Every structure is written in C-alpha cells, then in structure tokens.
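Here's the structure, in structure tokens; my notes come after.
Since every read-out is calculated from the coordinates, none of them should be taken as a lab result. Since this is a predicted model, take the numbers as computed values, not measurements. Here the Cβ is made from the backbone with ideal geometry for all residues, glycine too, and neighbour counts use every protein chain on show.
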Amino acid sequence: MEDYKVFELKEIKEQICRHAATQMGKDSIMNEEVVFEYLRINRYQKRSKDMLDMVIHFGELPFGGIRDITQTVRRATMDGVLTPYELVGVADQLDAAKNMVKHVSGLDREYENLKDILSSIVTHDKITAQIRPCFSPSNEIVDNASPKLKSIRTSIRQAESSISSAMERFLQAHSSQLMEHVVVYRNERSAACIKASEKNSIKGIIHGESMSGQSVYIEPECVIGLNNQLQSLKYQEGKEIERILYELSQLVKGIADDLLANNDTFTLLDNLHAKAVYGKVRNGCMPTFTKDNSVLYIKNAAHPLIDEDKVVRNTIRLDEGKRVLLITGPNTGGKTVNLKIIGLFVLLSYMGVPLPCDEAVIGFYDRVFVDLGDEQSIVTSLSTFAVHLSKLAEICTKATASSLVLIDEFGSGTDPKEGESLAIAVLNHLRSLGTTTIVTTHYGRLKLYGRKHKDILMSQVEFDMETLAPTYRFIMGSTGQSNALDIAARFGIPKGIVSDAWHIKRTAMSEEEQLNTKLESLVNENESLKYTLKQELEKVRAKEEALDKKLSEFETQKQQMKVKAEEELAEYIEEKKLEAEEIIEVLQKSTTLKQHEITALKTQLKNIGEVEKKVEKPSNKHELTEGDFVHIIPLGKIGEIVKINKNRGEAQVLLHGTKMKISLDSLRFSHMPKPDLKPKQSVSFKRPASVSMECNLIGMHVDEALVTMEKYLDDALLGGLKSVRIIHGHGTGALRSAVHEKLKRTKFVDSYRLGGAGEGGVGATVVTFKGK
C-alpha cells in the first residue's frame, strides 16, 4: 500500500477521531486504508452523504453504553464464566442497541444507504431483563440474584452477628489476658489478641504470633463452631454466585453471533458518524463522485490542518480536455500546499470523509502517485535527486490513464537544463498515457512548454511584492515568476549586485523568453486587475443585497403596521360597540325608556359595525398635514390630525376627545365640519331615588331569586353604587351556585367574592361593578 504520510493523513485521522464515541471506532479510523475500488468508494460516498445529512438535521447518534465486547463474547462461546463487569457490559451494549433503534425509527426521513447497517442491529430485551436485576450499580452481584443466594447471605449475616456477640462476651470475660481489646481476623476467622504469657490459659486454636512475639492470635473455643459455620456458608455463597454467573454467561453464548454482529455494526456506525460530525464542524460537503477521471473541481478549498481564521481558500479546476495542471510561482507562495490539497482531498473522499470546501467533483483514479518534498536517505545512501529519480521511475512504469500523479518541484535537485529536459520528457510520456498530472515548477522552459500544448492548464500562486509576503491566492490560467531578484533587493542585497544579476538573466534569455516574460507580466497584471474588479463587484453586490433586504424588511414592517392599525381600529369599534350594548342592556330593564328610543340606538350601533365593511381605499390628492380635518372612512366621521408618521404610514387622529392611530390609506382630506345647529334628541332615564347596599334572597326559589337580583343589580348600577352584597344564605349551596353563575355572565360585574368576617361569610357574596 502506498505511503501517503506526505499528505499528513494520520493527522487528519486524529482530528476525526476526536469525534468518535468508542475506542473501536477510533481504531477503525486510524487503521483505515485508502481503497481504489470504484464500487467500494461509491458505497462509502453514499453512506457518508446520508450520515452527514442525518447529523446536520437530527443531531448526533446515541452511542452511550457501547464498548468493545468482542473478547467477552468469545470467552462466553468457550463456556467461560464471565465477570459481573463483563456481563453488565453486555447488558449496556444491548441497551445501546435498543436506544439506537429507537432513535433511528423516530426520524421522519429514511436513509436508504444506511438502511442495511441500521436494520442489522439486533436487540434482546429478555436477555437484558435477566442480567440487569442481578447486579448493583457498582457491578456487584445482589442478594436477589437468586432465592438461594438471598437465603445464604441472610444466614451469613446471622452467623456474623452471632460471632460478633460471642467475641464481645469473650473479650469482656478475659480483658486482663488481652493484649488489645479488639477482634482480629486470621485466615478469614475471628480471633483475639492474647498476651503471650497467657496463651496456655485460653482454650482455642492458635493462628499465629505477632512480629514481636508478645502477642498470640487465638480463635476462642466458643466461636470455633460459629466460624466453621460461617466458612461453610461463604463457600456455599461462592458456589451459588459461580452458578449464577455461569448461567448468565450461557445466555450470552446463546446470542454470541448477534452480539458480535452488533459490535461490528457499532464500529462501522461510529466510523461514519465521526466523519460526519467532523464534516459538520468544518462546514464540509460530500463531493460528487464520478467514474470520469478527466474532471477535477474543488471550490473554495481549505487545508484542514491550517487555522481556519488564517487559511486562504482556493478553487482548483481541471476541466475535460486538460490532463496536466502546471502550478508556478515563488517559494513559500503555496504551490506545495495546493498540491497537497488536491491529493489529500482525493484520498479523504475515497475514505468517505466530508471535504472542507463549498463544492467538489472528484473522479475515480486507480492510484495516486506522489513525489513531494526532500526525502534524502542516509540509510540507502540516496541523494535528494536520486530519491526523486526512484519515484519518477515508479511513476513512469506503473502509472496508467486512470492514475493521478502529483510531483512537487519537477526536475529539481540537479543541473537546471538537464532537470528541465527530464521533466519535459516525463510529461510527454504521461500525456501520451492520458494520465492526470499536477506538477509545480520554477523552470522557465516548462512554462513555455505548458503554453504550447492545449491539454496543459497553467496556474500560479500569487506573491505580494509590496509586502514581500505570499497571498496564497491560486490563479488559474496564468503563470507566475519566482521573483527571486526582486525579493533579494527587498532583503538588502546591494543594488549593484541585483542590477548585475538582472543583466546576466536578460543576456542568458532568448528573445522568445524575453517576450514571454513581458507577456507573463502583462497577463499577471491583467489577472490582478480582474481579481480586484471581481472583489469590488462582490462588494457592490453585497451592498445591493443588503439594501434589497432592508427595503424588503421595510415593506414588510409597513404592511405589518398597516394591518396592526386596522386591527386596532376594528378593536376600537368593537370596544365601543360592547360599551354601547352594556348601556342598552341596562336601559332595556328601565321602565322609563320608550321602546322606539331603544330601537333607534340599536340601529345606530349596527351602522357603526357595517361602515367598516364598506371601506374603500381612498386616494388623497391633497397632501395631509398636521391640523387637517379628515374623513375617517371606516367610521364615517370627521376628525382632526394631531400627528403624522409617514414612515409607519399612519396618523394620530382626534375624534370626540379620543386620540386614535389610523392608517393614512383610511383617511381623506375634509373641510372643517360645520357646527350642527339642529337641536339634538336626547334620551333620558330616571335614576332610582335610593338603592340599598344589599339584596336579601333568602327564602326565594332560584328562578324568583335570580329575577330579583337582576333587577336589583340594574338599580344599583344606575344608582352609582360601586359594590353591593347579595345575601343568599348557607342552605344546600344551590342558590349560591346559581347566583355566582349569573354574576359570571353579567357584563358590568367586574368581580365577586364570598363575604368575609362581618360581611355574612359564605352566606353572602360581595359584588364589585366595573369602573366604567
């Protein structure tokens, strides 16, 4: 397999691994090799594209609880007894599988290219339900793992309690013979620390002596039987735990194939998922993959190892009919970086990694050949040029029409004339094969060679002579100079030396080369002007878009304000209408008002609502100003303009002492209204002479009580009372409920509550009228 370390592929993989959720996913990424098989690459592309879309629209997949259980499962298949930690790991894996299936099934979009992977995840809820209850959160087997284990552990606790009591009695009884008043444990049995001089006076089993020989550890005779019983119980406990673990391990063995398959599925998913998250973070895209290797297009590409705030994005394009891209320009200008971007992006795309660019079209290559950098070998005694020659030999003998060849500083490391000649000869060979070839060079003859052939596309990396710094801008269709003499002068080389160098250079140049240099200068100047013009045009377009956006926002706001004003107007009319209805409702219950007068008021009220429906958009020939009298179309009234807001398209109009905001479209200029000299008809009603502050309903039926209360409330309202008290008594509560229900539906009642202390308590209700 080709070594692609020159592209720093390992460093890119490490970046991707930061987004992997599992160790097996990270290992999968780091061990992944580039394949050059069309069907596999195409499958990677489609899967990665679906995963990127899923991560962008639905967030990251739930990988919690997943770890590599391969060795655990394999041990179970060989009838091994798994540890609690291993069994809990299996349960975690099964729960993770369930969560993954649930998450994916909840998506409102299907991903055909991931369907075979996601559908292969197997769940075993019954197995999980058998494993989980047996272990505590700290992975210890619990008493309820089996009835027998629970019984044994209960007996163990009883035995330990009996031993503790017996030992305490022994210590109390033999305190003078003790070295220390503590219980010690030797060989997992309880013992006492006895003075060496007293060891023969104590009956029991000696388990040893202290280092000093002054103490002897004796298991008293009184606890020997209890200790024996405890040891027996612990042995039984161990055997029962082993049985439980073995049975659970056999359950794992029964689903071993499913577990191993899930393990592989999670590894593949984590691999794809990490790449997708990496692509999302870097605003990357999946390239369009084509079998046609004559097309290569990468738009606004950024090298992933360069700081995003500093990287210069470039567009690289090799269209059909162009098989060679020749990159020229000064040292440190970015030629090698652009060469690496091309090779790196091809390799990453073949691995299904989203590319940090806006758009890309990548062809299928059967292999990528690369000759980059100074790789002088001390071990093999090869010079830099010899290393280049060995790589060129491999390229010339193994490259095909479907290969991609990348060569940095083509023909360097030897005599320039011979190097140029060799480079041209190798290019002739590769062009005859139809190999896609991208090379960087300083050689003038190679530039001339490139211009003479239509299948070679020239390009350069820009260098700013004013600042002596590379711009890293990649310019297609032109060639660049090395600019060594200009840079030398800027760095303080004496002018005489630099001038002499220019003279020597011009003398050595043929007439064709001199003309070509002038042409290059003019072309580069033209390209620079085109780039500047393009930037200025983009700025202008950006300003136009910003202005269009602001204009659109203004129109939207204007329309919203218009709608709001109309809504406020409609709301105002409705409010007045409700107020009028409330008054009419009160007046209807008055015996002093004639029916035809009430009918006249209702007709007038109805006309107010119908006027709004007949509103027509007026055209104001007269420009409205503050102080003008206007006809308010929706109301059919004359008002005076107090203030105009042309930006919002509305005016503040004074009507009958009330200020309201109305759309300018709903106003028409009007002359000052003439005073109404006709005597106005008036409607009068008689206020009640005096109204009591309370109404007593006790003893009345509900229907009678409600009629009485309704009449009383009308009188109280007309009498100017702000609040009254309705006395309904305690009783069954039926009358109180009916009273409250009626008050709830009475429009001029603001609120009501049960009486407090001194107000009748729950046997009375205090009513408050609206302020209007």
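Structure above, values below:
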quantity: Hull-based mean projected area of the range 286-356, where the convex hull spans the alpha carbons, in square nanometres; calculated: 5.2
quantity: Where labels lie 7 Å past Cα in the beta-carbon direction, separation of ARG367 and TYR246 in nm; calculated: 5.8
quantity: Compactness of the range 1-99 as Cα Rg over 2.2 N^0.38 Å, two decimals; calculated: 1.37
quantity: Projected area, mean over directions - the range 93-192, Cα convex hull, nm²; calculated: 11.0
quantity: Net length gained if the chain between MET78 and LYS234 were fully extended (0.36 nm per residue, minus Cα distance); calculated: 53.4 nm
quantity: FRET efficiency estimate (nearest 0.05) - Cβ-Cβ, ILE306 to ARG132, R0 30 angstrom; calculated: 0.05
quantity: Summed side-chain charge close to GLY204 - residues other than GLY204 whose Cβ falls under 9 Å, Lys, Arg +1, Asp, Glu -1; calculated: -1
quantity: Formal net charge of residues neighbouring SER294 (Cβ-Cβ distance under 11 Å; K, R +1; D, E -1); calculated: -1
quantity: Computed E for ARG753/ASN696 - FRET, C-beta separation, R0 25 angstrom, nearest 0.05; calculated: 0.85
quantity: Semi-axis lengths, Å, the range 186-306, gyration tensor of Cα atoms, sqrt of 5 times eigenvalues; calculated: 73, 24, 9
quantity: Relative intensity, log₁₀ I(q)/I(0), of the range 731-772 from a Debye sum that treats every alpha carbon as a point, q = 0.25, 0.32, 0.33 Å⁻¹; calculated: -0.88, -1.10, -1.12
quantity: Rough spin-label spacing in nm, given labels placed 7 Å along Cα→Cβ, for ILE504 and LEU537; calculated: 4.4
quantity: Formal net charge of residues neighbouring LEU318 (Cβ-Cβ distance under 14 Å; K, R +1; D, E -1); calculated: +2
quantity: Between the range 406-461 and the range 702-750, the alpha-carbon center distance in angstrom; calculated: 104
quantity: Too-long pairs where the Cα-Cα distance tops 20 Å, listed order kept, from LYS275/LYS398; LYS558/LYS661; LYS13/LYS98; LYS49/LYS102; LYS335/LYS447; LYS46/LYS310; calculated: LYS275/LYS398; LYS13/LYS98; LYS49/LYS102; LYS46/LYS310
quantity: Label point distance in nm, LYS564-ARG451, each placed 7 Å from Cα along Cα→Cβ; calculated: 6.6
quantity: Pairwise FRET efficiency - GLU544 versus LEU655, Cβ, R0 = 35 Å, nearest 0.05; calculated: 0.20
